[in-house]
Amino acid sequence: MCFPLLAAIPAWVGTAASVAGAAVSAYGTYASGQAQAQSYRNQAAYAERNALMENQKGAYDLTRQSDANDRQLASMRGQYLSSGIALDGSAVDVLSDSATQASLDEQAIKYGTKVRSDNSMFEAKLARSNAKSASAGGMLGALGTMVGGLAQTANTLQQRTMISNPYQSYDPWAGFR
């Protein structure tokens, strides 16, 4: 009487171990997805930081360029006046053209800064989207691992039942009832 009871204990221990293994594997998949999501969130923060730094650098470069342009135009005016050239006619045209070119240089700095900043913000947005996908993928992967482990355990239990009672699912009279 004691022998069948002892024989049944290892089967339930194995079943419990199989379910526990599926749970641990599912948690590992979930944790991996969360770690990947955190990595993407860190990338997003880094890209946002780069965008901010690019804006700051662009503002600094623009100020420096503007100051240099003002000095250059003032120097040109001073040279014209010290040479005795009146600030009219072709001298004014040269100064006007130089001011236009200086303004275009400043606009190029603004545009380049905006493009680099916008690219960094796009990278941040993309990384945040990837973080959401990685998080969802970790959850779904964990669920799939758990369901697969439970299905395998159920299949193993069914095979054990078939081994102990091979006629359980076979009913020769099933079609005649």
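The values are calculated or read from the model by the stated rules, or taken from the named source; none is laboratory data. None of the values given here were measured: they were computed from a predicted structure. Positions of Cβ are generated from backbone atoms using ideal geometry, with glycine treated the same way; all protein chains shown enter the neighbour counts.
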Some residue of the stretch 77-90 being under 30 Å from residue 35 (Cβ atoms), over 24 Å from the mean Cα position of the chain (by Cα), of a type in the set (A, V, I, L, M) and at pLDDT below 90: no
Pairs, first more than 27 Å from residue 130 (Cα to Cα) in the stretch 18-34, second surrounded by 14 or more Cβ atoms within 10 Å (Cβ to Cβ), C-beta under 6 Å, six or more apart: 18/153; 19/153
Those residues of the stretch 132-177 which are under 15 Å from residue 24 (Cα atoms) and modelled with pLDDT under 80, in sequence order: 153
Search result, residues across the stretch 47-79 that are without any contact (Cβ under 8 Å) to a residue 12 or more places away in the chain and surrounded by 14 or more Cβ atoms within 10 Å (Cβ to Cβ): none
Filter result (touching a residue at least 40 places away in the same chain (Cβ under 8 Å), within 14 Å of residue 65 (Cα to Cα) and among the hydroxyl-bearing types (Ser, Thr, Tyr)) within the stretch 96-146: 113
Odd one out for residue 128, checked against (1) surrounded by 13 or more Cβ atoms within 10 Å (Cβ to Cβ); (2) over 30 Å from residue 23 (Cα atoms): (2)
